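Worksheet: the structure to be examined is printed underneath.
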Amino acid sequence: MADRADVVVVGGGIMGCLLALHLAEQGVERVRLLERDGVFQGTSAAGGGFLSGWAAYQPETAAAGYALDFYEKTQASGHDIGFRRNGTLYVAADERSWQGLRMGAEDDALLDPARVAELTNDVVAGDRVVGGLLDPNGAQVHPPLLGVALAELLRARGGVVETRRPVTGLRMDGSRVLAVDTPAGPVECDCVVLATGAWSNRLLKPLGAFLPLAPRLTSRITTGPIGIPESLPTLIVMGAIPGDPAKDIPLWLRGQYGELLWGGTYRGYPRDILLDAEVPDRLDEIPLDGVTQVRRVGKEAASFIPVLGQATSIRLKHGAPCYTPDGRALVGQVPGFTGLHVLTGDNEAGITFGPGYARVLAEFIAHGEADQESLKSWQVDRFDGAFTSESEVIRAFLPRVTA
Ligand SMILES: Cc1cc2nc3c(=O)[nH]c(=O)nc-3n(C[C@H](O)[C@H](O)[C@H](O)COP(=O)(O)OP(=O)(O)OC[C@H]3O[C@@H](n4cnc5c(N)ncnc54)[C@H](O)[C@@H]3O)c2cc1C
């Protein structure tokens, strides 16, 4: 007898897990999640877990609000996903960064150095920074815990999670999806969603389709337990190398289990080595030049965040978030095909906005209707085929973050 599902979701990162769960919650009966590796082993394994307005170039307010509610409810339902509403604290280490923070900020959100020290339990040395800005709505989750919880919730709703089952191709009747192929045999279905992140164009290429996506490498550094307090807000630190915008990069830091999870958006090699290249199945052997650059900035920042200078063994996780020309996600039908959808284009904020994307797409697939405004903003063919390479995509995206 044929192996059949109502909807096959390909990819067990955060996007795929969230979508499969929302489909099951919307009443879709046979939801099958196929993941080539384990759940949350791709880019989602490296996620920092910040939920806040830090990705300010993305105007996804509704998605962000829904995500906060979703995570809060998930935590309250007895699944520990590390959800904490500790706020997000932007720290200015030099005058230039402080002027940047103050621009347009409400006065009561601005903190003097003593308050920064107090709020962080002296993780940030107050006498060495210029000031801070607190976003009280900032929250956090721990991605590895989230992966476990989402898979459990999906199974409890009757969904099937199959790990170590790669999809090797899509079986089509003209432009209509018939099945996905896997080494263990095909799974027949009328609807497939690719939630395959940096690997999405690999599956679409044989169909002659291209998504305007650009994967860029970035990494998370995790220390051993060094007593980071549970109450620490998520931190974004600017001006670690005082007054030098060319060398300085913002650092992000978060605590979990007393460990410090941190990183920064480095420039240069090997950030863009995946553009228009074959993305390896696993990202565990990438060159470490970028991580070295981030650690150098961390060393500078140790003068006011002493834990960054503490000798401890570190662990690394690398990921490849996918950027789009306008910084917004790609959610919906692949143009020219019937029954083929995508949920990708995370723009390094898939944890912050993912539940919102998943809800809208699940409603659309299950009932044929969903929030039209969101679907339009995330429509896959909104660029009218203007992009044919990943390098072009990143050239269009970059002015958004460097402006
Ligand atoms: C260092 C770092 C820090 C970050 N910090 C944050 C943060 O603080 N807040 C935030 O919101 N976001 C953050 N992000 C971004 C966030 O992690 C991503 O937006 C999110 O993980 C993307 O999820 P995804 O499901 O699209 O991709 P992935 O997690 O990569 O999932 C895609 C999955 O598809 C699978 N797959 C691919 N091809 C196939 C196939 N043929 N068959 C079966 N399976 C397949 C892969 O194995 C993979 O598991 C960060 C990312 C990094 C790297």
Across segment 10-45, which residue is nearest to Ala198 (Cα to Cα) among those that are among the basic types (Lys, Arg) and more than 8 Å from the ligand (Cβ to nearest atom)? Arg32
Does segment 226-278 hold any residues that are basic (Lys, Arg) and in a loop (DSSP other than H, G, I, E, B), and which are they? Lys247, Arg267, Arg271
How many residues are within 16 Å of the ligand (Cβ to nearest atom), within 11 Å of Leu211 (Cα to Cα) and without any contact (Cβ under 8 Å) to a residue 60 or more places away in the chain when one looks only at segment 332-384? 0
Hits in segment 279-302 (condition: more than 15 Å from the ligand (Cβ to nearest atom), among the aliphatic types (A, V, I, L, M) and assigned to a loop (DSSP other than H, G, I, E, B)): Ala302
Note on segment 375-396: residues touching a strand residue (DSSP E or B) at 6+ places or on another chain (Cβ under 8 Å) and not aromatic (Phe, Trp, Tyr) are Leu375, Gln379, Val380, Glu390, Ser391, Val393, Ile394
Neighbours by Cβ (under 9 Å, 6+ apart or cross-chain): first from segment 116-129, in contact (Cβ under 8 Å) with a residue 12 or more places away in the chain; second among the aromatic types (Phe, Trp, Tyr) and not in a loop (DSSP other than H, G, I, E, B): Val129/Trp98
Tell me which strands (runs of 3 or more DSSP E) are completely within segment 124-225 and hold 2 or more residues being within 12 Å of the ligand (Cβ to nearest atom) and within 30 Å of Phe83 (Cα to Cα), or say none if there are none. 160-162, 191-194, 218-223
Looking at segment 181-201 only, could you name the residues that are touching a helix residue (DSSP H, G or I) at 6+ places or on another chain (Cβ under 9 Å) and either surrounded by fewer than 24 Cβ atoms within 10 Å (Cβ to Cβ) or among the aliphatic types (A, V, I, L, M) (or both)? Cys191, Val193, Leu194, Ala195, Ala198, Asn201
Just for segment 363-403: of the residues that are assigned to a helix (DSSP H, G or I) and among the polar types (S, T, N, Q), which one is farthest from Ala63 (Cα to Cα)? Ser391
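Bear in mind that the values in this text are calculations on the coordinates, not laboratory data. Just so we're clear, the structure is a prediction, and the values are computed from it rather than from any experiment. Ideal geometry is used to build each Cβ from the backbone, glycine not excepted, and the neighbour counts take in all protein chains shown.
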